[in-house]
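Everything below concerns the one structure shown next.
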Amino acid sequence: MQDKVEERSLVNVLNRLKKDGCTLDFKVTEEGQLATMDGKKTFTPDQVRIIDFYRFEGESNPDDMSILYVVETTEGIKGTITNSYGPYADERIENVMKQIEDMGKNLDKKDK
């Protein structure tokens, strides 16, 4: 079991996730899609699901709060995307992640 202090670090969580196969970092495009950082692949919100997420708070400054999403595409590509909380949050990332989350909830309802 990993030390809890170690898990609180964004860098350490990213390193662990990369070892677990989450090798790509994603960004949100102007069109509201998730894209690999090199821009070679893009995915609409219905082609992505959120596997997990981690919240981080700055030790000395509450403005340093962020969230790390772990996502998987319909092609089986696993990766991460981060966003800030509060006034520094990227609204485009927030909107796309909300769409992905809502689609996941709708799929869960259909399965029941």
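Observations on the model:
- Note on the range 9-37: residues that are charged (D, E, K, R) and closer than 23 Å to GLU94 by Cβ amount to 4.
- Hits in the range 37-46 - residues which are of a type in the set (Ser, Thr, Tyr) and either more than 17 Å from THR80 (Cβ to Cβ) or within 12 Å of the chain's Cα centre (by Cα) (or both): THR44
- Subset of the range 53-71 [at pLDDT 95 or above and of a type outside the set (A, V, I, L, M)]: TYR69
- Number of positions in the range 78-91 that are more than 15 Å from ASP52 (Cβ to Cβ) and either exposed (fewer than 14 other Cβ atoms within 10 Å of the Cβ) or at pLDDT 95 or above (or both): 4
- Restricting the range 1-48 to residues that are basic (Lys, Arg) and touching a helix residue (DSSP H, G or I) at 6+ places or on another chain (Cβ under 9 Å), the residue that is modelled with the highest pLDDT: LYS27
The values are calculated or read from the model by the stated rules, or taken from the named source; none is laboratory data. This structure is a prediction, so every number in the text was calculated from the model and none was measured. Counting neighbours? That spans all protein chains shown, and the Cβs are built from the backbone with ideal geometry, glycine included.
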